[in-house]
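The numbers here are math on the coordinates, done by the rules we state, and not lab data. Keep in mind the model is a prediction, meaning the values are calculated, not measured. Ideal geometry is used to build each Cβ from the backbone, glycine not excepted, and the neighbour counts take in all protein chains shown.
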Amino acid sequence: MIQAIFEYQFMQNAVIAGILASIVCGIIGVMIVEKKLVMMSGGIAHTAYGGVGLGYLFNFPPILGAFFFAVAAAFGIGFIKRKGGTRSDVIISMFWSLGMALGILFIALRPGYPPDLSSYLFGNILSVTQADLWLMVFLALFVIAIVAILYQDWKNYLFDEEFAYVMGKPTGWLEYMLLLLVALTVVVLIRVVGIILVISLLAAPAAIAEMISRTFEKRILMAVLFGLLTTLGGLTLSYYFNIASGASIVMLSAVIYLLFTIREQVHQHRLKSEMLMQDNEQKE
Amino acid sequence: MVPAVEVRDLSVFYGRNVALKSVNLTVQQGEYLGIIGPNGGGKSTLLKAILGLVPTSRGSIRIFGGSLQENRTLLGFVPQFSAIERRFPISLYEVILSGRMKAGLQVFARYTFEDHERTKEAMEQIGLSHLSQRQVSELSGGEFQRMLIARALVSQPKLLLLDEPTASVDATARKQIYELLAKLNEKITIILVSHDMLAISSQVSSLACLNSKLVYHGGPELNDRTVDSLYGCPVDLIAHGLPHRVLRDHTHGPGGIV
């Protein structure tokens, strides 16, 4: 496989795409897991399917359609949630299903044979083109820059939004901005794991990192590392066993998450029994 | 001297529900006001309206004679314990330091030398210095609550607003927190929301009772009539071994409901 990476452009593209995906996933994943926005990210991702359909209908790159739909979904969900009234899980499910429905409708309206949509739904890291890669590089740099420049503000917003507001931080603006970053991250990830599998790659590395790191900075670093492990590991599995890269990446991340959950449980159990033993010794 | 807070004819709606209705309340500088009332009676809503955290439907709120925007920096806020994710990976020191954050978005923000000095002072004052590098997930309820008070104090506010600061802490920590607040009250105005009516009435200098409307505002001694109209039904006000009795002498006969 190493040889293939040097020989073939598509393998180089795949590796670069995997690295970019891991970096944005690690950063944004930690933020949305902390802010409990994972399902909202799922909603944004699925709404993007409408854009893919629109791209096929009017013959422009579907990934651009996905980009605009994801951004619109982010602002739409954020706006309705902020105005209050409806519960956010209901709004998310409406966007989620409406986006999918629009995608199906647009593709049905398109004359001729239906296109193969599985690479958008389930991702295919081996089919990432040079143009895709440029879009991914641009979006990833934008996400990293916005998070880095306002790092302290993000941290304060994530820990205690109300307090940050009382201190004069524009928390409404930060919320919209975070949703926009989620939308951009989703677009980066669509080519790698696909619309349906996006939330796994957003949530799993961040959740594993949460179990093993104590500081916020370390948590982001660990999430990026676990993202790299799962995307590049998944890519390897995909290359040797000829299975869809999205599926292999998600399965790998689920397995790693499961292993760490078990480790955590065992660890907690051991701590508990040690404490009970000490108690008994003291009594005797 | 301008009042610390002046609430005029304030109404707040959540969707179709009335949370606060035509509330008028003036808090003088130096006052130590306890706000009590039943759950859902609008205690926290009033506090949040003063802080600008909930939109008001009608009425006005003046802070030290000015608008909230003008005098934001005079306020210190201690939110409800349960409103914060305690698993967030942040140290006690960082939390208290964040009380020095500046308004507005700050590009590549860094805390100054003075910010760090104030943080250390506040930790010393509240007796948290030895826990400086602890993660918030490892703090006890009382330590966590005192950390939130320290965070509110590092910006040197003139008015401290606390939402249920003694919920989910043990008796020792509760005593510590009340002693701390009494000491702070020598210099600053305090507004405290609590469901713990009996405990706070022995601490504060004045009480306000909220049940959508302001039922009572005055000295910290309550009578049956106020409590009846507050909770809508007679409540036993028995002062179980508390240092101060809450009740004046009964004005009506045994078992009598007015």
*What average number of partner chain Cβ atoms lie no more than 10 Å from the Cβ of the residues making up A:149-159?*
5
*For region A:29-161, compute Rh as the Kirkwood radius over C-alpha pairs and then the Stokes-Einstein diffusion coefficient at 25 °C and 0.890 mPa s; write the answer in µm²/s, rounded to an integer.*
150 µm²/s
*Quick one: which residues, 5 or more positions from B:Ile35 or on another chain, have an amide H under 5 Å from its amide H? H modelled 1.01 Å from N in the peptide plane, none for Pro or chain starts.*
B:Leu192, B:Val193, B:Ser194, B:Ala208
*Taking amide hydrogens as modeled 1.01 Å from N in the peptide plane, which residues meet the under 5 Å criterion relative to B:Val5, leaving out close sequence neighbours?*
B:Val27, B:Phe64
*Leaving out same-chain residues fewer than 8 places away, which lysines sit with a Cα under 19 Å from that of B:Lys175?*
B:Lys183
*Evaluate peptide A:30-40: per residue, the Cβ atoms of other protein chains within 10 Å of its Cβ; return the mean as an integer.*
1
*If you plug each phi of region A:67-74 into the Karplus form 6.51 cos²θ - 1.76 cosθ + 1.60 with θ = phi - 60°, what whole-Hz ³J(HN,Hα) values come out, in order, with x for Gly and Pro?*
4, 5, 5, 5, 5, 4, 5, 4
_Alpha carbon convex hull of region A:141-284, volume per residue in cubic angstrom_ = 148 Å³
*Read phi for every residue in region B:184-194 and hand back ³J(HN,Hα) as whole Hz from Karplus 6.51 cos²θ - 1.76 cosθ + 1.60, θ = phi - 60°, with x for Gly and Pro.*
5, 5, 5, 10, 10, 7, 10, 10, 10, 9, 8
*If we restrict to alpha carbons, what Rg and Dmax does chain B come to, in Å?*
19.1, 68
*Just need log10 I(q)/I(0) for region A:2-86 at q = 0.22 Å⁻¹, Debye formula, equal scatterers on the alpha-carbon atoms, no solvent, rounded to two decimals.*
-1.07
*With contacts defined as alpha carbon pairs under 8 Å and 6 or more residues apart, what's the relative contact order of chain B in percent?*
25 percent
*Would you mind checking which residues have amide H under 5 Å from A:Ile195's amide H? H placed 1.01 Å from N; only 5 or more apart, or other chain.*
A:Leu121, A:Phe122, A:Gly123
*Could you list, in their original order, any pairs among A:Lys83/B:Lys21; A:Lys155/B:Lys48; A:Lys81/A:Lys272 whose Cα atoms are separated by more than 30 Å?*
A:Lys81/A:Lys272
*Using mean Cβ contacts within 10 Å as the protection proxy, how do B:39-47, A:70-78, B:170-178 order, highest first?*
A:70-78, B:39-47, B:170-178
_I'd like to know how region B:88-173 sits against the 2.2 N^0.38 Å rule of thumb: what's its Cα Rg over that expected value?_
1.10
*Using only Cα atoms, what is the ratio of the radius of gyration of region A:2-283 to 2.2 N^0.38 Å?*
1.09
*Helix-derived [θ] at 222 nm for chain A: sum -39500 (n - 2.57) over DSSP H runs of at least 4, divide by residue count, nearest 500?*
-28500 deg cm²/dmol
*Mind checking the log10 I(q)/I(0) for the protein assembly as shown at q = 0.08, 0.12 Å⁻¹? Debye, one equal scatterer per Cα, no solvent, two decimals.*
-0.65, -1.14
*What aspartates and glutamates could a cross-link reach from A:Lys169, if we take a straight Cα to Cα line under 15 Å and drop same-chain neighbours fewer than 8 places away?*
A:Asp153, A:Asp160, A:Glu161, B:Glu70
*Using only Cα atoms, locate the centre of region B:195-209 and the centre of region A:205-246, then give the distance between them in Å, rounded to an integer.*
53 Å
_Rounded Å value of the spacing that divides the Cα centres of region B:71-108 and region A:252-266_ = 33 Å
*Given the Cα atoms of region A:235-284, and with Rh set as the inverse mean 1/r over their pairs in the Kirkwood sense, what is Rg to Rh to two decimals?*
1.46
*Using θ = phi - 60° and the Karplus form 6.51 cos²θ - 1.76 cosθ + 1.60, what ³J(HN,Hα) does each residue of region B:166-180 get, whole Hz, x for Gly and Pro?*
10, 5, 6, 10, 7, 4, 5, 5, 4, 4, 4, 5, 5, 4, 4
*Which peptide among B:11-22, A:37-48, A:115-126, A:11-22 comes first, and what is the full order, when sorted by highest mean count of other Cβ atoms within 10 Å?*
A:37-48, A:11-22, A:115-126, B:11-22
*Other chains near B:117-130: what is the mean number of their Cβ atoms within 10 Å of each residue's Cβ?*
0
*asked:* Could you give me D for region B:76-121, from Stokes-Einstein at 25 °C and 0.890 mPa s, where the hydrodynamic radius is the Kirkwood radius over C-alpha pairs? Units µm² s⁻¹, please.
replied: 200 µm²/s
